[in-house]
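K.L.:
Mind looking over this structure? Questions follow.
The values are calculated or read from the model by the stated rules, or taken from the named source; none is laboratory data. Remember, it's a predicted structure, so these values are computed and weren't measured experimentally. Heads up, the Cβs are rebuilt from the backbone with ideal geometry, glycines too, and the neighbour counts pull from every protein chain shown.
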Amino acid sequence: MKKLITLLMVFAVTFTVNAQIETPQPSPSQKMEQKVGLTDVTVEYSRPSMRGRTVFGNLVPYGKLWRTGANQNTMVTFSTDVMIGGKTVKAGSYAIFTTPNKDNWEVVFYSDTNNWGTPQNWDESKVAAKVTAEVYEIPMDIETFTISFDDLTNDSAVLGIMWEKVYVGVKIEVPTDKKVSAAIEKVMNGPSADDYYAAARYYLESGKDINQAVVWMDKAIEMTKDNPRFWWLRQQSLIKAKAGDKKGAIKAAKASLEGAEKAGNADYIKMNKDSLKEWGAM
């Protein structure tokens, strides 16, 4: 009898688990990504619908802080620093909170994103940016709460918020010109010492044209002669040794050894001494 009861209980539990039905969420989540200039902007939010209800001034009261959507707070992430309302907002993730009014909204970018709804204890020090956005009336109902990226240019985009017959937009400026200008200047000035060093070391380690590696490494060392780097000189000695230039390898190893001794780097002291012994210079 006990076995029968146990069997029936297992069957009942199994049936209950298997009988669970997945249904659509009332406010489905959305994640959208937009490249603005050279900045990646990601928005994650939930999308409630009107369903015959009056939204602003009723479901969402005027003059009260709103999560700007449903469920967990709406979140925006920037891959670079941006400008919002004339204020620099550092790269990272922010919750978007709003206070809707009939003619304008206050839009806040808040550094604490771990809130279900609005924060229980508001901390003004966590406000990264705050702007007032004008309300524009839309001639038809937007049934489902929508966030969009509008008016895209190389240097900015407008983060649009739409629901019912309301649209508000917040301009986000990105540092495209600064980044592109820096990249152009770097390219026009030619490769840096770091570029030459990285290329030479890659050729050494990959068994590629060692004579080209010599040229690049010599260029890197020449460009940093006023502040020699003993670890670079170590690589120069290895490249010259592989290229068959023992004299050059010994000179570079001695220079690397001198720098390593001044820096008190025991590893490079040992490596250079071992190589100099191998090449008959000690």
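K.L.:
Condition first: within 25 Å of Ile84 (Cβ to Cβ), over 24 Å from the mean Cα position of the chain (by Cα) and of a type in the set (Gly, Ala, Ser). Now tell me which residues in segment 165-198 satisfy that.
P.N.:
none
K.L.:
Also, quick follow-up: Go through segment 106-135 and give me each residue that's under 21 Å from Thr42 (Cβ atoms) and acidic (Asp, Glu).
P.N.:
Residue satisfying the conditions is Asp112 alone.
K.L.:
Scan (1) in contact (Cβ under 8 Å) with a residue 24 or more places away in the chain; (2) more than 40 Å from the chain's Cα centre (by Cα) for the single condition Gly244 breaks and write down its number.
P.N.:
Status for Gly244: all satisfied but (1).
K.L.:
If I go through segment 177-193 residue by residue, how many of them are assigned to a helix (DSSP H, G or I), without any contact (Cβ under 8 Å) to a residue 24 or more places away in the chain and under 25 Å from Trp231 (Cα atoms)?
P.N.:
Selection size over segment 177-193: 1.
K.L.:
Take the residues in segment 244-282 that are outside any helix (DSSP H, G or I), farther than 22 Å from Ala213 by Cα and not small (Gly, Ala, Ser), then tell me which one is modelled with the lowest pLDDT.
P.N.:
To start, the set of residues in segment 244-282 that are outside any helix (DSSP H, G or I) comprises 244-245, 264-265, 279-282.
Add one more test, that the residue is farther than 22 Å from Ala213 by Cα, and what stays is 264-265, 280-282.
When the remaining residues are screened for being not small (Gly, Ala, Ser), the result is 265, 282.
On the way: Asn265: 97, Met282: 86.
My answer is Met282.
K.L.:
Taking only segment 194-210 into account, find how many residues are assigned to a helix (DSSP H, G or I) and exposed (fewer than 12 other Cβ atoms within 10 Å of the Cβ).
P.N.:
2
K.L.:
Another question, then. Quick one: what pairs do we get from segment 153-174, first residue among the aromatic types (Phe, Trp, Tyr), second outside any loop (DSSP other than H, G, I, E, B), C-beta under 6 Å, 6+ apart or different chains?
P.N.:
What qualifies is Trp163/Ile142; Trp163/Phe145; Tyr167/Tyr136; Tyr167/Ile138.
K.L.:
Return yes when Val170 is within 20 Å of Ala70 (Cβ to Cβ), in contact with a Leu (Cβ under 6 Å, 6 or more places away or on another chain), of a type outside the set (Phe, Trp, Tyr) and surrounded by 13 or more Cβ atoms within 10 Å (Cβ to Cβ) and no when it is not.
P.N.:
When the stated conditions are applied, Val170 passes them.
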